[in-house]
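I have placed the structure first, in the form of structure tokens, so that the comments after it can refer back to it.
The values are calculated or read from the model by the stated rules, or taken from the named source; none is laboratory data. Keep in mind the model is a prediction, meaning the values are calculated, not measured. All Cβ positions, glycine included, derive from the backbone under ideal geometry; neighbour counts span all protein chains shown.
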Amino acid sequence: MFSRTSATAALVASLALAGVQAQSVPKFNFGTASADYPGVKSTQRNGPTNPSAPMLNTPINQTSVARLATINSIDDWCTFGPPSNDQPLGNVEGETVAYCTKPRNNARVIPDGTVTGAHFVKTPLYIQLMATGDFTKIGMMPGDEGGELDPHGATNMGNPVGGNVTSNISGEDVFYEEWMNYVSATQICFRICIAGSDLAPTPLECQHELDVMGCNFVMPGNYADGVFDTCDGDSAYPPGLYPQADGSTSTFHQFFTGTYVVNGEVMTYTNGAADQITPTAAYSTPSTSNCKTTSTISNGIRSIVPTTTSSSTMSSSTMTMSSSRSSASSSQPTSSGSSSNSNSSSGASNLAVPALAMVAAGLVGAALF
């Protein structure tokens with residue numbers, strides 16, 4: 001919960017930053033990251049619908065229920081999505097399936113023309129994929145603000161159930177323990193925690209309880225459309241963490257209530273507090289460097305390109321909400337974005353000021369499309 005006391009402290013911190021406009025937000029000091037830190041490599045059983053290991057050039061099957069997602073590069077990645085367009089994502093998070101840019105993992109293949117912009121960032125703690133496009137072509141309902149997939153879910157069986165995630169970013173295929181994947185009709189973000197430390201354990205850097213806050217809040221970065229690029233990057237502050245002027249931190253916990261069913265019994269849960277104050281942006285957007293653009297991520301498979309498309313652009317008054325706790329999109333972007341120019345870098349200066357000042361002003365409720 002982001003309390004009113006911490007909001008006041010946040011305002012003090014933001015005003016201090018505002019007084020020195022040229023001062024940048026310090027990098028997140030996470031100590032020494034290790035790929036062998038506990039909680040990095042997965043100890044979970046591979047799902048029964050998945051191949052035993054990630055593999056390329058598997059048969060194209062657009063009705064597949066495989067749930068093995070791989071994030072390797074700007075043109076070799078997967079996302080989870082609904083098996084069909086007939087329900088909002090929030091209703092079927094446990095049944096989502098994998099969609100990949102290439103034929104791999106026995107998963108469904110993302111048709112050309114679906115993704116209109118994508119950005120791949122490698123940091124010391126995680127890799128992150130951010131994409132824009134028309135994701136009604138991979139099961140999303142038009143206007144669906146979406147939701148969040150992760151290895152836990154309300155019942156700790158995962159969303160999707162049996163879902164697993166891999167990457168070869170280390171030089172070999174690794175199943176990773178902690179990850180988060182937000183999907184809406186127009187935006188996708190996916191983070192895999194590939195290393196951890198005492199100051200940044202993987203459940204903190206890939207924390208999964210900020211569903212309605214959206215990609216820009218939980219995974220700040222470059223969401224520019226029309227560009228495909230790969231960058232190195234600094235690691236972001238853990239989602240919801242707000243460093244204070246006195247060296248302490250204030251942590252925001254999203255408020256939501258919900259129900260789930262276990263053995264026919266309806267269970268309820270509550271997270272956060274109803275009277276809390278909700279921030280409108282992440283503490284900062286981490287800097288990127290060594291960015292290289294890619295002209296296309298097309299797979300060239302014409303047989304799977306839909307002959308008709310559903311418009312995913314709708315006014316905010318007609319958007320379909322998946323659930324009271326699920327949203328992949330946020331109408332409040334972070335205060336700065338990563339540069340998409342080749343061999344360029346972007347700074348992270350003065351980013352806490354608007355977000356925390358608005359918190360202190362007492363704005364309540366998540367900012368959603």
Just checking, how many residues over region 137-161 are buried (at least 21 other Cβ atoms within 10 Å of the Cβ), out of contact with any Phe, Trp or Tyr (no Cβ under 8 Å at 6 or more places or on another chain) and not in a strand (DSSP E or B)? 4
Residues of region 164-220 being part of a strand (DSSP E or B) and of a type in the set (Gly, Ala, Ser), which ones? Ser167, Gly196
Within region 31-45, residues farther than 11 Å from Ala195 by Cα and buried (at least 17 other Cβ atoms within 10 Å of the Cβ) come out as Ser42
Pairs with Cβ under 9 Å, 6+ apart, first in region 129-153 and more than 30 Å from Tyr269 (Cβ to Cβ), second in a strand (DSSP E or B) and of a type in the set (Asp, Glu): Thr136/Asp144
Scan region 11-25 and tell me whether some residue there is at pLDDT below 90, assigned to a helix (DSSP H, G or I), out of contact with any Phe, Trp or Tyr (no Cβ under 8 Å at 6 or more places or on another chain) and β-branched (Val, Ile, Thr). yes
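Return yes or no: is Glu93 crowded, with 24+ Cβ neighbours inside 10 Å, touching a strand residue (DSSP E or B) at 6+ places or on another chain (Cβ under 9 Å), closer than 23 Å to Val261 by Cβ and in contact (Cβ under 8 Å) with a residue 12 or more places away in the chain?
Working: crowded, with 24+ Cβ neighbours inside 10 Å: yes; touching a strand residue (DSSP E or B) at 6+ places or on another chain (Cβ under 9 Å): yes; closer than 23 Å to Val261 by Cβ: yes; in contact (Cβ under 8 Å) with a residue 12 or more places away in the chain: yes.
So Glu93 passes the test.
Of all residues being touching a helix residue (DSSP H, G or I) at 6+ places or on another chain (Cβ under 7 Å) and surrounded by 18 or more Cβ atoms within 10 Å (Cβ to Cβ) in region 54-82, which is nearest to Asp229 (Cα to Cα)? Just the residue, please.
So, considering only residues that are touching a helix residue (DSSP H, G or I) at 6+ places or on another chain (Cβ under 7 Å) and surrounded by 18 or more Cβ atoms within 10 Å (Cβ to Cβ), the one nearest to Asp229 (Cα to Cα) is Gly81.
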Condition set out of contact with any Phe, Trp or Tyr (no Cβ under 6 Å at 6 or more places or on another chain) and surrounded by 24 or more Cβ atoms within 10 Å (Cβ to Cβ), scope region 168-184, selection farthest from Pro142 (Cα to Cα): answer is Tyr176
On the given criteria, is Asn50 crowded, with 18+ Cβ neighbours inside 10 Å and touching a residue at least 60 places away in the same chain (Cβ under 8 Å)? yes
Test each condition in (1) modelled with pLDDT under 65; (2) in contact with a strand residue (DSSP E or B) (Cβ under 8 Å, 6 or more places away or on another chain); (3) buried (at least 19 other Cβ atoms within 10 Å of the Cβ) for Met213 and report the one that comes out false. (2)
